[in-house]
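A.B. asks: The structure's right below; bear with me while I get my questions together.
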Amino acid sequence: MDETGLGLRSVSLDEGTSSVNLPRLCYIGEVPIECSQGGSALLWRLFEGYPPKKLVIVEGIHRSSIERRLPIVRYVHHVIINKRLRPGRYAKQVTELLYKAVPILAATLVPRVAYDRPEAIITVGHGIYWLVAAKVSKLLKLPIHLLVHDHFPTTLSASERLSTRIIYDFGRIYATAASRFCVSETMALEYERMFGINGQTLYPCRARSVLNEPPRGVRHHVGSSGLTGVFAGTVAGPGYVKALAALARQLARVSGQMVIYSSLGRAEAAALGLDLANVEFRALVPAKILRERCQKEADFLYVPMSFGEADSINMRMSFPSKLADYTQMGLPLLIYGPKYCSAVQWARKHPGVAEVVDTENDEELLQAVKRLSDPRTCDTLAEEALRIGDLYFSHSRAESMLFSALAGSAA
């Protein structure tokens, strides 16, 4: 039953799912599971409440930082290629090599996985390692569950011939998986059209630990001579650089500044043309610290999406995970991206959840910035972002959807 009025079903762990019902689970994937950022953080949050003695994590290619791992859970690093062969200048050749090696990689991994007697396999459709996971599940006769955060062909570099083959493989595995979770409604609908079977929409979620923190409130805007906009996350390509620079220029016109939390240093930013006078670069920090700093220093939070044609598929089908954290900070949002991108579509579906600019028009962006200098506008936007964010991105909802599917396949 839809209890939210937004097409979202309210769920809870009381609906027949407990730790007793959950299967012994083995994650096999290319995305490391750690408390950091991006896909790694999304996975960490999803499994934060999973019984640690029932979970084993097998990481291929990329390895998580020990201090950021899930506590108690056993991690295995499947060393498959020399560091010098990792994707880079010869990315297409490396992808070709890994694809051909999938049967061998799976065969070497089967004894390690079988040792823990798992009852199900789970993987994420990123890179090439989901193919290894699927092969292992077939050899061990176990159900496989599939998570998809980005449109899978965009997560690897391959020749047109190999890309066609990989899309076929993905469709076959997607169609036969015990459960399929897509990060956005658009992705679920597009994959249903492509592969002939429906998937569930599992939006990015907040950290489970946030549930134990004091209730959040709207940070009441205090007028000042200059606004401060904050962006936190990965600067993923030239489209994002362009979007960040666009906001910085408009903030400069109203004596404002932008603070960027990312792995991007000033030297690298200068090479990208982002070394502007009113831009401050800071290192990434844990979500709790970021929230405290933003509530103290920020006037609004920035959600840029790329207008670049090369990024259009991912902009349409993926979903910015930062919205899960942004919407709980009690601050207004500014979303900047093309009309078709998932963030703009989400905001248009819920009028009043954010300031939205869906064209690369400097004057429109400037007017949006000026509207964010009005305290009443900011308070209204922040309150709606809190309300809608609680419905879409709660940890309990995401955990319940995933755990129910896992328990169902075990039964």
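The values are calculated or read from the model by the stated rules, or taken from the named source; none is laboratory data. Source: prediction; values computed, not measured. Neighbour counts are summed over all protein chains in view; Cβ atoms, including those assigned to glycine, are modelled from backbone coordinates with ideal geometry. In case anyone asks, the SASA skips ligands and DNA or RNA and just uses the protein heavy atoms, side chains included. Shrake-Rupley method; radii C 1.70, N 1.55, O 1.52, S 1.80 Å.
The rows are residues; the columns are (1) small (Gly, Ala, Ser); (2) within 23 Å of SER306 (Cβ to Cβ); (3) open to solvent by less than 10 Å² (accessible area, probe 1.4 Å); (4) out of contact with any strand residue (DSSP E or B) (no Cβ under 9 Å at 6 or more places or on another chain).
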position	(1), (2), (3), (4)
LEU244	no, yes, yes, no
GLN250	no, yes, yes, yes
SER255	yes, no, no, yes
TYR261	no, yes, yes, no
ALA270	yes, yes, no, yes
LEU276	no, yes, no, no
ARG282	no, yes, no, no
ARG293	no, no, no, no
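A.B. asks: Within the stretch 323-338, can one find any residue that is surrounded by fewer than 21 Cβ atoms within 10 Å (Cβ to Cβ) and in a helix (DSSP H, G or I)?
C.D. replies: Within the stretch 323-338 (the criterion being surrounded by fewer than 21 Cβ atoms within 10 Å (Cβ to Cβ) and in a helix (DSSP H, G or I)), the answer is no, since none of the residues qualifies.
A.B. asks: Might you check whether a residue that is surrounded by 16 or more Cβ atoms within 10 Å (Cβ to Cβ), farther than 20 Å from PHE319 by Cβ and not hydrophobic (A, V, I, L, M, F, W, C) occurs anywhere in the stretch 35-42?
C.D. replies: Within the stretch 35-42, none of the residues are surrounded by 16 or more Cβ atoms within 10 Å (Cβ to Cβ), farther than 20 Å from PHE319 by Cβ and not hydrophobic (A, V, I, L, M, F, W, C).
A.B. asks: Follow-up question, since we're still on this one. Taking into account only those residues within the stretch 88-107 that are under 13 Å from LEU139 (Cα atoms) and either among the small types (Gly, Ala, Ser) or in contact with a His (Cβ under 8 Å, 6 or more places away or on another chain) (or both), which is most open to solvent (accessible area, probe 1.4 Å)?
C.D. replies: That would be ALA107.
A.B. asks: Are any of the residues in the stretch 48-59 modelled with pLDDT of 95 or more, buried (at least 19 other Cβ atoms within 10 Å of the Cβ), among the aliphatic types (A, V, I, L, M) and touching an Asp or Glu at 6+ places or on another chain (Cβ under 6 Å)?
C.D. replies: The answer is yes, given that some residue of the stretch 48-59 is modelled with pLDDT of 95 or more, buried (at least 19 other Cβ atoms within 10 Å of the Cβ), among the aliphatic types (A, V, I, L, M) and touching an Asp or Glu at 6+ places or on another chain (Cβ under 6 Å).
A.B. asks: Residues that are farther than 25 Å from CYS35 by Cα and either part of a helix (DSSP H, G or I) or open to solvent by less than 30 Å² (accessible area, probe 1.4 Å) (or both): does the stretch 116-123 have at least one?
C.D. replies: Taking every residue of the stretch 116-123 in turn, none turns out to be farther than 25 Å from CYS35 by Cα and either part of a helix (DSSP H, G or I) or open to solvent by less than 30 Å² (accessible area, probe 1.4 Å) (or both).
A.B. asks: Give the residue, chosen from VAL353, VAL357, VAL344, that is in contact with a Gly (Cβ under 9 Å, 6 or more places away or on another chain), without any contact (Cβ under 8 Å) to a residue 40 or more places away in the chain, more than 28 Å from LEU46 (Cα to Cα) and among the hydrophobic types (A, V, I, L, M, F, W, C).
C.D. replies: After applying the criteria, what remains is VAL357.
A.B. asks: Across the stretch 124-157, what is the total count of residues that are open to solvent by less than 20 Å² (accessible area, probe 1.4 Å) and closer than 16 Å to ALA178 by Cβ?
C.D. replies: 12
A.B. asks: Could you grab me the full set of residues in the stretch 274-291 that are assigned to a loop (DSSP other than H, G, I, E, B) and under 26 Å from the mean Cα position of the chain (by Cα)?
C.D. replies: If the condition is that a residue be assigned to a loop (DSSP other than H, G, I, E, B) and under 26 Å from the mean Cα position of the chain (by Cα), then LEU274, ALA283, LEU284, VAL285, PRO286 are the ones that fit.
A.B. asks: Condition first: open to solvent by 20 Å² or more (accessible area, probe 1.4 Å) and within 13 Å of LEU333 (Cα to Cα). Now tell me which residues in the stretch 371-385 satisfy that.
C.D. replies: ARG371, SER373, THR377, ASP379, THR380, GLU383, GLU384
A.B. asks: Still on this structure: For the stretch 11-29, which positions are at pLDDT 50 or above, hydrophobic (A, V, I, L, M, F, W, C) and part of a loop (DSSP other than H, G, I, E, B)?
C.D. replies: The answer is VAL20, LEU22.
A.B. asks: List every residue pair whose Cβ atoms lie under 6 Å apart, where the two residues are 6 or more positions apart in sequence or sit on different chains, the first residue falls within the stretch 315-327 and is touching a residue at least 40 places away in the same chain (Cβ under 8 Å) and closer than 13 Å to GLY233 by Cα, and the second residue, located anywhere, is open to solvent by less than 20 Å² (accessible area, probe 1.4 Å) and in a loop (DSSP other than H, G, I, E, B).
C.D. replies: Listed by first residue and then by second, the contacts come to SER321/PRO204; LYS322/GLY233; ALA324/PRO204; ALA324/CYS205; ALA324/ARG206.
A.B. asks: Counting only residues that are within 16 Å of LYS92 (Cβ to Cβ), over 24 Å from the mean Cα position of the chain (by Cα) and of a type outside the set (Asp, Glu), how many does the stretch 151-171 have?
C.D. replies: 5
A.B. asks: Shifting gears a bit: Filter the stretch 296-314 for residues that are open to solvent by 30 Å² or more (accessible area, probe 1.4 Å) and either free of Cβ contacts under 8 Å to residues at least 60 places away in the same chain or not in a loop (DSSP other than H, G, I, E, B) (or both) and give the result.
C.D. replies: Selection gives LYS296, GLU297, GLU309, ALA310, ASP311, ILE313, ASN314.
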